[in-house]
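As structure tokens, the structure follows; a few thoughts come after it.
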Amino acid sequence: MNRQNEEIIANMQKITGWKFSDPELILTAVTHSSYVKGESKAAKDNERLEFLGDSILGICVSEWIYKTYSKAREGKMTRVRSLVVSEAALCKAAKKMQLGENLRLSKGEERTGGRDKSSILADAVEAVIGALYLDGGFEEARRFVLGFCTEPVQAAMKTVNTKDYKTTLQEHVQKHKLGEIKYVLIDETGPDHIKKFNMAVMIDGETFGTGCGSSKQEAGQIAAREALVRLKALGSVADID
């Protein structure tokens with residue numbers, strides 16, 4: 001193993017707080033598909049680990065919300081979880097732990113800012129969760145997840161109500177006669193088992209928000225919230241739950 005890979009493994013073990021019995025797992029977790037195609041065809045990319053980590057992330061966050069907030073309704077818990085496991089939230093967590101500095105990317109992807117791309121960073125977080133689960137078991141994966149998810153959950157529980165953002169936006173637009181709302185699929189990326197959807201919400205023909213999620217519904221909710229944030233900035237919405 002070369003020195004650069006050894007440094008990445010050492011860094012990632014500090015970031016995760018776990019010494020891997022199989023260091024190749026964490027190395028794979030930070031390996032983007034572009035690296036395999038462009039720099040080292042012998043390496044494995046992190047897409048399979050991402051698939052696994054995505055499910056574990058959802059379980060860990062759902063369990064913690066369920067046990068911590070015994071009076072929360074299903075609708076509110078679902079919306080909070082959606083916000084906490086979203087691409088934007090995972091990207092923020094990745095930047096805080098400086099995960100981007102340890103990614104293995106192709107030279108081309110690095111030149112185009114791959115270390116700061118939200119989709120690449122979010123996917124890497126999920127892959128790291130998958131690697132931790134395989135090497136250390138569920139408890140280690142949960143410890144890592146809760147290490148960066150509990151504060152966002154607590155913050156979201158204070159601001160989210162049980163009404164979904166799409167409904168809130170629809171009611172506001174109808175009340176103030178702002179025009180027709182339309183949700184448009186911009187694109188979808190990734191293989192079928194980890195597909196990401198990018199949606200835009202348009203009001204009277206103008207794009208007011210975009211969102212990316214693991215389903216069209218989730219992406220639409222994120223786009224609707226972004227639209228509400230913009231309307232609040234314009235003074236049209238008094239507050240956003």
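Structure above, values below:
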item: Solvent exposure of the range 105-241 as accessible area per residue, Å², 1.4 Å probe; result: 51 Å²
item: Largest-first principal axis extents, alpha carbons of the range 72-134, Å; result: 47, 27, 17
item: Amide H contacts of ARG104 (H built 1.01 Å from N, under 5 Å, at least 5 apart or other chain); result: THR31, HIS32
item: Nonlocal amide H pairs with GLY209, under 5 Å, H built at 1.01 Å; result: VAL201
item: For the range 40-81 and the range 188-240, distance of Cα centres in Å; result: 20 Å
item: Per DSSP, loop GluC sites (Glu not before Pro) in the range 170-241 with at most 12 further Cβ within 10 Å; result: GLU180
item: Per-residue [θ]222 nm for the chain (sum of -39500 (n - 2.57) over DSSP H runs n ≥ 4, rounded to 500); result: -19000 deg cm²/dmol
item: Global geometry of the range 102-220, whether rounded, prolate or oblate, following the gyration tensor of its Cα atoms and the 1.5 cut on a/c; result: oblate
item: FRET E, pair LYS158, SER119, Förster distance 41 Å, beta-carbon r, rounded to 0.05; result: 0.90
item: Mean Cα-pair separation over length for the chain, i.e. relative contact order, pairs under 8 Å, 6 or more apart, %; result: 18 percent
item: Carbon + sulfur, % of accessible area of the range 93-204 - ligands and nucleic acids excluded, 1.4 Å; result: 48 percent
item: Whole-Å semi-axes of the ellipsoid equivalent to the chain (Cα gyration tensor, √5λ, descending); result: 35, 21, 13
item: Within the accessible area of the range 28-68 (1.4 Å probe), percent carbon and sulfur; result: 54 percent
item: Per-residue SASA entry for TYR69, accessible area with 1.4 Å probe, Å² rounded to 10; result: 60 Å²
item: Student exercise, the range 24-181 dipole from Lys, Arg, Asp, Glu Cβ charges, in Debye to nearest 20; result: 660 debye
item: The range 1-77 - accessible surface per residue (Å², probe 1.4 Å); result: 61 Å²
item: All lysines inside 26 Å of LYS76 as judged from Cα atoms, apart from same-chain residues fewer than 8 positions distant; result: LYS67, LYS92, LYS158, LYS163, LYS166, LYS175, LYS182, LYS195, LYS196, LYS216, LYS232
item: Most positive-pole-ward Cα, THR78, LEU132, ASN11, against dipole of the range 1-159 from beta carbon charges; result: THR78
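The values are calculated or read from the model by the stated rules, or taken from the named source; none is laboratory data. What you are looking at is a predicted structure, and each value in this text was computed from that prediction instead of being measured. Every residue, glycine among them, receives a Cβ derived from its backbone with ideal geometry; neighbour counts consider all protein chains shown. To get the accessible areas, we keep the full protein, side chains included, count just its heavy atoms, and leave off ligands, DNA and RNA. Shrake-Rupley method; radii C 1.70, N 1.55, O 1.52, S 1.80 Å.
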